[in-house]
Amino acid sequence: STWGHHSSFVATSLSMSDEFSKRLKAQIKEREKALASAQQALAEATAKVRAEEAKVAAAAASLEDLKFVAEGFNRLSAAPESASVLASAAAAAATPRGPT
């Protein structure tokens with residue numbers, strides 16, 4: 001009968017659509033896992049970048065400190081009255097301390 005054929009077609013369609021739905025759900029799960037994995041990799045890479053940025057900032061600060069010291073030393077050594085002060089400081093630094 002036509003009805004029998006029709007109900008069999010509907011059953012087949014439903015089972016096909018159920019199969020399709022299961023496949024879609026599986027693909028969605030896979031893509032969710034891939035997304036989570038990519039987000040994790042991004043978070044780790046971002047943390048590494050931040051750590052490197054901190055190292056760069058520390059190195060720059062250290063360089064600035066050193067330049068500041070050098071600038072002060074140059075200014076000091078350019079002053080005429082400091083020549084004798086530097087000479088005596090150098091002599092003191094070269095003198096052995098304590099019992100020999």
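The values are calculated or read from the model by the stated rules, or taken from the named source; none is laboratory data. This is a predicted model, so every value here is computed, not measured. Neighbour counts are summed over all protein chains in view; Cβ atoms, including those assigned to glycine, are modelled from backbone coordinates with ideal geometry. Each accessible area value is taken on the protein alone, full model and side chains, heavy atoms only, with ligands, DNA and RNA left out. Shrake-Rupley method; radii C 1.70, N 1.55, O 1.52, S 1.80 Å.
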Next item on the list: Please give every one of the lysines within straight-line cross-link reach of residue 25, meaning a C-alpha to C-alpha distance under 22 Å, and leave out same-chain neighbours fewer than 8 residues apart.
Entry: 33
Next item on the list: Using a 1.4 angstrom probe, figure out how much accessible area the stretch 19-64 has per residue, in square angstrom, rounded to the nearest whole.
Entry: 90 Å²
Checklist line | residue 31-residue 54 FRET efficiency (beta carbon distance; Förster radius 35 Å; 0.05 resolution) | finding: 0.50
Check: Can you pull the percent of the stretch 1-67's accessible area that's carbon plus sulfur, 1.4 Å probe, other chains left in place?
Finding: 64 percent
Notebook entry, point to check: How high is the FRET efficiency between residue 44 and residue 23 when r is their beta carbon distance and R₀ equals 41 Å, given to the nearest 0.05?
Noted result: 0.80
